[in-house]
Amino acid sequence: MGCMRDMGELNRYRRVIEELEPIVERLKHLIMLLGLPDSCSYVLAVMYVIGEPLVIDNLSQLTGYARTTVFMCMKILERLGLISRRRVGRKYAYAPVSKPSKVILSRFHEILERGVRPLIKVLEEFLRCGLRKEEEVRIREILRDLVEFEEILVKVISGGVS
């Protein structure tokens, strides 16, 4: 690939990440629940949003992380079965796997059933008890975010997100 084409693709990827920033952030937080570091979670979220294989140099430029940080993330993510790699010339291109492993799906299901859904029920109960206005507003915001998070988890677990 020529340098100009690479720069054009990188700029297109940057625009996609910028436009879908809320989705990237939600995915990152979801991935962090697996116990992954912030950097690895962000790199994987970016990879899911871009949806095309990327080399370490491109991931470094897109995420703002040093190449060594991205390389370490690739090693961790590959060991966990969350990404695959293929040789492209002298480099490797990395892409998220289309179907996360059963271990990962099991962990997401556990987070959903033991964490997210019980917390939603507790917050709904707080709202029924009557709160000061500012407390109610904040709890409704948290509840809205949790419900969105629950929807993302359900899609991932059921295979609706590829």
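The values are calculated or read from the model by the stated rules, or taken from the named source; none is laboratory data. Remember, it's a predicted structure, so these values are computed and weren't measured experimentally. All Cβ positions, even for glycine, are placed from backbone atoms using ideal geometry, and neighbour counts span all protein chains on display. For the accessible areas, the whole protein counts, side chains as well, though only heavy atoms, and no ligand, DNA or RNA atoms are used. Shrake-Rupley method; radii C 1.70, N 1.55, O 1.52, S 1.80 Å.
State which residue pairs qualify: first residue in contact (Cβ under 8 Å) with a residue 12 or more places away in the chain and under 17 Å from GLU151 (Cα atoms) and inside the range 115-129, second residue of a type in the set (D, E, K, R) and open to solvent by less than 70 Å² (accessible area, probe 1.4 Å) in any location, beta carbons under 7 Å apart, and separation of 6 or more residues or different chains.
Partner pairs satisfying both residue conditions: VAL116/GLU150; ARG117/GLU150; ILE120/GLU150.
With respect to ARG85, is the statement that it is touching a helix residue (DSSP H, G or I) at 6+ places or on another chain (Cβ under 9 Å) and either of a type in the set (Val, Ile, Thr) or not in a helix (DSSP H, G or I) (or both) true?
yes
Conditions first: (1) outside any helix (DSSP H, G or I); (2) more than 23 Å from SER39 (Cα to Cα); (3) within 22 Å of the chain's Cα centre (by Cα). LEU143 passes all but one, so which condition is the exception?
Result: LEU143 passes all but (1).
Any chance you could count how many residues in the range 54-64 are crowded, with 16+ Cβ neighbours inside 10 Å and not in a helix (DSSP H, G or I)?
2
Tell me, which residue of the range 79-98 that is surrounded by 15 or more Cβ atoms within 10 Å (Cβ to Cβ) and under 12 Å from ILE56 (Cβ atoms) is farthest from the chain's Cα centre (by Cα)?
Among those that are surrounded by 15 or more Cβ atoms within 10 Å (Cβ to Cβ) and under 12 Å from ILE56 (Cβ atoms), it is TYR92.
For the range 1-53, how many residues meet the condition of being open to solvent by less than 60 Å² (accessible area, probe 1.4 Å) and not in a loop (DSSP other than H, G, I, E, B)?
Residues flagged as open to solvent by less than 60 Å² (accessible area, probe 1.4 Å) and not in a loop (DSSP other than H, G, I, E, B) within the range 1-53 amount to 25.
ARG67 - would you say it is open to solvent by 80 Å² or more (accessible area, probe 1.4 Å) and in contact with an Asp or Glu (Cβ under 8 Å, 6 or more places away or on another chain)?
Taking the combined requirement at face value, the residue satisfies it.
Kindly indicate the residue of the range 99-140 that is outside any helix (DSSP H, G or I) and open to solvent by 80 Å² or more (accessible area, probe 1.4 Å) and also nearest to LEU27 (Cα to Cα) among those meeting that condition.
That would be LYS99.
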